[in-house]
Amino acid sequence: MNIRLPQLYFSKLLRAVVEFDMIKNGDRILIGVSGGKDSIFLSYAMAVLRERLHKDFQLHALTINPMFTDTATGQPAPFDTERIRTFMHSLNIPYDVIDVDIAGAIADQQDKSPCFTCAFFRRGAVNRYAKEHGMNKIAYAHHNDDAVETFVMGLLYSGQLSTFTPNTYLDRTGLTVIRPLIYFREEETRDAVKYHGFRPVPSPCPHDGYTSRQTVKELIAKLCHKDPSVYDHLAAAMRQGAVGQLWPAAKTRKEMRDTYFHYMKCAGPQKSGL
């Protein structure tokens, strides 16, 4: 395959790799591939980098088959990994598929979000595979919209200002996670099919499109429809140093005890209840 990217795409890719120093000589990088538009574009982009960078590194790709069931037929959900394999072969990227019973794990942990359970077991399987096969880095296809959505989800659903980082070292495994598509907008990964020519494999997930992330995605789109600058402001807010005035951390009753007695006309803790 004659792999190429327009200069705008390559510049965004290179900016992420250089700014966050993602690739070094001798790296063995495992690409997490779902078969969707983002991971397919990531695989193609990494093949471009392998040709154009002055770095000596190896690529390998892995797909996790979550073993979902088609609710209409009761049979295993269609998941065309062979078409993914053919595409990886055209890029000269070794490819493997492993089965992980994520569907069973979700059924066993119904008190937790299916997305949380899926992500937890999927990451664990990818990490184990990477360690067992001598990989030192894992590349995921998270783009800029993913980062902004995660930032907003953290605020709305957990009360925290946080998102994933472009380059993350995992202490427990010694692996490093890199996200080379971090400066791409989602529509750019969607439009990238004109360069790599691969039609994405439909997700076998029965929850696809019915998640908290989808809710946040639609919320951001609605806000941006009224004011296009909203997205840029959210993206800027993810940067360290962007935090303005915030309240101090909440104090415990013990920490407030002495101050309380300065305010209240009472004899002491027996009457106050503190």
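Numbers for the structure displayed
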quantity: Full-stretch length increase - Leu8, His133 - with 0.36 nm per residue and alpha-carbon distance subtracted; calculated: 41.6 nm
quantity: Solvent-accessible area, 1.4 Å probe, carbon plus sulfur percent, for the stretch 109-212; calculated: 53
quantity: Nearest 10 degrees, 0 to 90: helix 114-132 Cα axis against the chain principal axis; calculated: 60
quantity: Solvent exposure of the stretch 10-161 as accessible area per residue, Å², 1.4 Å probe; calculated: 48
quantity: Computed helical MRE - 222 nm, the chain, DSSP H runs ≥ 4 contributing -39500 (n - 2.57), nearest 500; calculated: -14000 deg cm²/dmol
quantity: Equivalent ellipsoid semi-axes - Cα gyration tensor, the stretch 123-189, angstrom; calculated: 24, 16, 9
quantity: The stretch 139-177 versus the stretch 69-128: alpha-carbon centroid distance in Å; calculated: 20
quantity: Rounded FRET efficiency, nearest 0.05, which uses the C-beta distance separating Asp80 from Glu19 and R0 of 35 Å; calculated: 0.50
quantity: Directionally averaged projected area (convex hull, Cα atoms, the stretch 152-206), nm²; calculated: 6.6
quantity: Rg(Cα)/(2.2 N^0.38 Å) for the chain, N = residue count; calculated: 1.23
quantity: Relative contact order of the chain, pairs being alpha-carbon contacts under 8 Å that are 6 or more residues apart, as %; calculated: 22
quantity: The stretch 107-215: relative contact order in percent, alpha carbon pairs under 8 Å with at least 6 residues between; calculated: 27
quantity: Scaled radius of gyration (Cα, divided by 2.2 N^0.38 Å) that the stretch 109-241 gives; calculated: 1.16
quantity: Rh by Kirkwood over Cα pairs, then Stokes-Einstein D for the stretch 49-135 at 0.692 mPa s and 37 °C, µm²/s; calculated: 219
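The values are calculated or read from the model by the stated rules, or taken from the named source; none is laboratory data. Not measured: the values here are computed from a predicted model. Here the Cβ is made from the backbone with ideal geometry for all residues, glycine too, and neighbour counts use every protein chain on show. Accessible surface areas use protein heavy atoms only, side chains included; no ligands, DNA or RNA. Shrake-Rupley method; radii C 1.70, N 1.55, O 1.52, S 1.80 Å.
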